[in-house]
Amino acid sequence: MYNVEPYLEKCVDSILTQTLKGIEIILVDDGSPDRSGKIAEDYARKDSRVRVIHQKNAGLGPARNTGIANASGEYIGFVDSDDWVDSAMFKRLYDTAVRCDADIVVGGHRDMVNGAVRASKVHPLAGQIFKGHNQIMPVRNRLFGHLPEDTEVEAFPMRVWTAIYRNDFLQKNGLRFEAILSEDTIFNLSAYRCADVIAFTGDTDYCYRMDEHPSIMRSFSSEKLVQYERFVERVRLLAEKETYQHDECVIRARRTAIDYCRLYVGLIVGSGLSLRSKLKNIRSLAQSRMCIEACAGYPLETLPKQQRMLHEALSLGHVREVFILADARRILKEKGWWK
């Protein structure tokens, strides 16, 4: 919990009303400067299932690690404190875990805007069970990013908050989150590698709040380029060390670098910066290691046309062209003309 006072009660109430009754709820106050910690303590006084842990601000990954270290349940799930879940979510995930004897069970989610469903996103592997190294590793590889021949628009789901993980599986393998942007991807790359059984359900019980305040991924700051570069470099290094389908993992990691370049451009264009500052930040991206080195070797001709045009302009340092392409896309999306 960090600065989530307006959203916290809806989140905790949705967990308290779970149809799966044998649960513990660990609320980690990550040094929040608002009343989140006090609200959490009020819940702990009213319900014995709730425990509160206060710590100095360390970020999302370390806060989740605190939860893992203090959890006594058979399985562990993660709920971001500005989101909420349907009342049957954890029972459905747990029932699947028991039936399949799974280390990990993964569902889907719904994008929510002002309380209404914008999109229901069923996991692309819904209804499937994967057992053993030979079945799980090809699925794990998809976490590195798209292949050139992939037709999917969205990235392969990597979120931990739609899933549950067997507690002793996490402890035995020492699985913890890193203090890095997109920590879910790095965590799941390790978790999927260690798992014996992973099951995917067709439920979309997790409600991801997209309104009112920007997420870590969507907000822009001058430090964001460094954070993006750290993540992309971490993925690249993991891919380079991969022994299972090494070349495939490397090309997937390069596609992720390209996608994060495009995402970063979108953050710049959608920010409140002046045009001059926007162009300056796009130029910094064009000169960055993430743009020059991490993307090197990816066949740009396989990208969708608009993505190819933007990345080619970025590679050539044509910052005004990059801005025009990205801003046009932003305007079309706002008008609902861009899917």
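Hey, how many Å between the Cα centroid of the range 133-168 and the Cα centroid of the range 9-69?
If we compute the Cα centre of each part, the gap is 28 Å.
Above 23 Å lies some portion of the pair distances; for the range 112-248, what is it as a whole percent of all C-alpha pairs?
Counting every Cα pair in the range 112-248, those more than 23 Å apart make up 42 percent.
Which lysines does Lys56 reach when only Cα atoms under 16 Å apart count, and residues fewer than 8 places away in its own chain are ignored?
Those lysines meeting the cut-off are Lys38.
Can you list the lysines whose alpha carbon sits under 16 Å from that of Lys91, skipping same-chain ones fewer than 8 residues off?
List returned: Lys21.
Please compute the length gained on full extension between Lys21 and Val153, using 0.36 nm multiplied by the number of residues separating them and subtracting their Cα-Cα distance.
43.7 nm
Return the carbon/sulfur percentage of the accessible area of the chain, one whole number, probe 1.4 Å, all protein chains in place.
51
Can you check what the net charge comes to around Asn188, using other residues whose Cβ is under 11 Å from the Cβ of Asn188 (Lys, Arg +1; Asp, Glu -1)?
Once all neighbours under 11 Å are counted, the net charge is +2.
Can you give the extra length, in nm with one decimal, that the chain gains between Thr302 and Gln287 once fully stretched, where that is 0.36 nm per residue apart less the Cα-Cα distance?
3.1 nm
Check each of the chymotrypsin sites (Phe, Trp or Tyr not before Pro) in the range 182-282 and keep only those in coil by DSSP with at most 14 other C-beta atoms within 10 angstrom; list them in order.
Those that pass, being in a loop and sparsely packed, are Tyr244.
So, in nm, how far is label Arg99 from label His54 when the simple model puts each one 7 Å beyond its Cα toward the Cβ?
4.4
Under a 1.4 Å probe, what is the accessible area of the chain per residue, stated in Å²?
It amounts to 49 Å² per residue over the chain.
Given a Förster distance of 22 angstrom, what is the FRET efficiency for Ser274 paired with Ala328, based on the Cβ-Cβ distance and rounded to 0.05?
Computed FRET efficiency for Ser274 and Ala328 comes out at 0.70.
Please compare each pair in Lys121/Lys305; Lys10/Lys224; Lys10/Lys46 to a cut-off of 23 Å on the Cα-Cα distance and tell me which ones are over it.
In this structure, Lys121/Lys305; Lys10/Lys224 lie more than 23 Å apart at Cα.
When the helices in the chain are scored as -39500 (n - 2.57) per DSSP H run of 4 or longer and the sum is shared across all residues, what 222 nm value do you end up with, to the nearest 500 deg cm²/dmol?
Taken over the chain, the calculation gives -14500 deg cm²/dmol.
Quick one: if you take sqrt(5λ) for each eigenvalue of the C-alpha gyration tensor of the chain, what semi-axes come out, biggest first, whole angstrom?
In descending order, the three semi-axes are 34, 25, 18 Å.
The values are calculated or read from the model by the stated rules, or taken from the named source; none is laboratory data. Small disclaimer: the values here were computed from a predicted structure and weren't measured. Glycine gets a Cβ as well: all are built from the backbone with ideal geometry, and neighbour counts include every protein chain shown. With ligands, DNA and RNA removed, areas are computed over all heavy atoms of the protein, side chains included. Shrake-Rupley method; radii C 1.70, N 1.55, O 1.52, S 1.80 Å.
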